[in-house]
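Here the structure is laid out as structure tokens; the discussion comes afterwards.
Taken together, the values in this text are just the output of simple stated rules run on the coordinates, not laboratory data. Worth saying up front: this structure is predicted, and the values here are computed from it rather than measured. All Cβ positions, even for glycine, are placed from backbone atoms using ideal geometry, and neighbour counts span all protein chains on display.
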Amino acid sequence: MAPLIIDKEEKKRQILKAALAVFSRSGYHESTIAAIAREAGIGKGTVYEYFKDKETLFMELFSFLIEDHLQYLGIGKPESIAPAKRLEEIILGTFHALGSMGHIYNIFLDLKTRCVNKTDDTFYHEQFARLYREFRRELAAIIHAGQQRGFFRALHPDIAATLIIAVMEGIMNQWIADQNAFDMERIHDEVCTMIMAYLRSPHDSNEPHA
């Protein structure tokens with residue numbers, strides 16, 4: 001019988017996906033390696049073959065989620081897509097991701113607090129900085145493209161991008177604090193309308209969305 005060939009990268013992704021499910025249900029402190037192993041359908045020892053401990057596993061999951069979210073948002077999509085349409089996709093994608101893993105976002109908030117209060121959490125600090133940097137860069141590029149095509153008014157793309165992120169993050173924080181306060185599935189329409197009104201050139205009223 002031929003020896004069983006294990007795809008180590010695939011096994012690692014399997015563990016990370018299981019960890020995401022467990023952390024989302026139970027939060028960081030209540031989650032255990034044993035629970036993650038059960039979720040993945042493997043032995044606890046197998047998890048330790050790939051990750052030294054729970055914190056190491058969460059650190060890798062954190063990086064995985066950031067990469068996944070940047071891809072989900074479509075960072076680097078073709079410029080042929082209309083700027084307003086791209087912004088709508090990003091807003092919808094961000095709120096959809098939040099609604100599907102609210103507990104993980106709660107953990108992100110805890111990590112942000114650690115980054116502010118401590119100087120030794122350089123890993124998380126660098127990952128958060130990278131996420132915001134890439135997010136701002138993508139939004140600024142979209143805004144700049146809209147300005148060049150006459151759809152958006154003259155304003156500083158980087159500052160506008162920062163303000164848009166602040167609006168979305170503020171809504172996320174409110175939703176985490178009280179998930180009954182509003183319907184996350186519906187609010188993105190109002191957010192899109194508000195952001196478009198802020199960006200729109202007074203000389204343009206009919207930007208194509210495709």
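Could you work out how far the C-alpha centroid of the stretch 36-52 sits from that of the stretch 181-204, in angstrom? Here the two parts' Cα centres lie 44 Å apart. With Rh defined as the Kirkwood radius, the inverse of the mean 1/r over Cα pairs, the Rg/Rh of the stretch 1-58 is 1.02.
Only Lys, Arg, Asp and Glu carry charge here, each on its Cβ (+1 for the first two, -1 for the last two); on that basis the stretch 1-58 has a dipole of about 60 debye about its Cα centre.
A cut-off of 5 Å between modelled amide H atoms, ignoring neighbours fewer than 5 places along the same chain, links A82 with A210.
If packing is taken as the mean number of other Cβ atoms within 10 Å per residue, what is the order of 41-53, 9-21, highest first? Kindly include the intermediate steps, with their values, before the conclusion.
Values: 41-53: 13.8, 9-21: 16.8.
Ranking the peptides 41-53, 9-21 by packing returns 9-21, 41-53.
Beyond 27 Å in Cα-Cα separation lie the following of the pairs K12/K85; K11/K85; K11/K52: K12/K85; K11/K85. Proximity of backbone amide H atoms, modeled 1.01 Å from N, is registered between F152 and Q147, S201 at under 5 Å, excluding neighbours fewer than 5 places apart on the same chain. Can you tell me the FRET efficiency between L109 and D7 if r is taken as the Cβ-Cβ distance and R0 is 22 Å, rounded to the nearest 0.05? Here the calculated transfer efficiency is 0.05.
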